[in-house]
1. To the nearest 0.05, how large is the calculated FRET efficiency for Asp105 and Leu20 if R₀ is 30 Å and r is the Cβ-Cβ distance?
2. For region 53-164, state the semi-axes of the equivalent ellipsoid (square roots of 5 times the eigenvalues of the alpha-carbon gyration tensor), sorted largest first and rounded to whole angstrom.
3. Between Arg63 and Glu97, what length comes free when the chain is fully extended (0.36 nm per residue of separation minus the Cα-Cα distance, one decimal in nm)?
4. I need the trypsin sites (Lys or Arg not before Pro) found in region 6-74, filtered to DSSP loop residues with at most 14 other beta carbons within 10 Å of theirs.
5. Where only protein heavy atoms count, and the probe is 1.4 Å, what is the accessible area per residue for region 71-140 in Å²?
6. Carbon and sulfur: what percent of region 12-157's accessible surface (1.4 Å probe)?
7. Using a simple charge model, +1 on the beta-carbon of Lys and Arg, -1 on the beta-carbon of Asp and Glu, nothing else, what dipole does region 85-150 show about its Cα centre, in debye to the nearest 20?
Amino acid sequence: MATTTSSYGGRIQCILLSTLDGYVIYERFYDQFNDIQKAEIRTSFDEAVGSHDVVHGLEVVGRFKNGKVVGLVSEEVILFALGTGNYDELILLDFLESLVGVLKDVLPGTQQGLSDGVLFQQYVDLAHAINEMCKDGMIELVDPKAIERAMNLKMMSYKSGQQQTQMNDTLKGLVKKFTSKEIKLSR
């Protein structure tokens, strides 16, 4: 079921997916952070994992200033979220679990598990899925079918826009051709 939780005070400040070794696969900041602040947020994610054995299913929590940090290990990927206000650890963890489920449902090749290689291959769809789930830091859709429909509609709109641009270019070319002195219509 498609749910929206915009009634919560606060928001998600950052979503980050990394390899088990800590290499960033995807990150999205929903507020304006400078490079130093972004590095501090990444460090808080790393500190949340700390000395834990990084195994599938591991859930970690931490803090960053007035925010809450949550991490979830899913196969070969660690998903992190930083939330403020009423976006507490339980809401963030629920969001990350939903994100794993959505990615496995909508991205080809992820049904057996999340891996950096598959996520890089599907990077555009990964970004679209996360954007549908979390808009401007507010959790929106969490239903995989609704997200997939939204992604398909956007892709159709994008492809339609590309076709319209190609048609406009073709028409411009024809107009130029027919208005130039090189072509003369016979009567």
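1. Working: r = 23 Å, r/R0 = 0.75.
Here the calculated transfer efficiency is 0.85.
2. Values: eigenvalues 142, 63, 23 Å².
Equivalent ellipsoid of region 53-164: 27, 18, 11 Å, largest first.
3. Numbers: separation 34, 0.36 × 34 = 12.24 nm, distance 1.93 nm.
Gain in length upon complete extension: 10.3 nm.
4. Working: sites: Arg11, Arg28, Lys38, Arg42, Arg63, Lys65, Lys68; in loops: Arg11, Lys65.
Filter output for region 6-74: Lys65.
5. 37 Å²
6. Working: 3490 of 7050 Å².
Here carbon and sulfur together make up 50 percent of the probe-accessible area.
7. On the way: 4 positive and 12 negative charges, 51 e Å.
The calculation lands at about 240 debye.
The values are calculated or read from the model by the stated rules, or taken from the named source; none is laboratory data. Remember, it's a predicted structure, so these values are computed and weren't measured experimentally. Neighbour counts are summed over all protein chains in view; Cβ atoms, including those assigned to glycine, are modelled from backbone coordinates with ideal geometry. Each accessible area value is taken on the protein alone, full model and side chains, heavy atoms only, with ligands, DNA and RNA left out. Shrake-Rupley method; radii C 1.70, N 1.55, O 1.52, S 1.80 Å.
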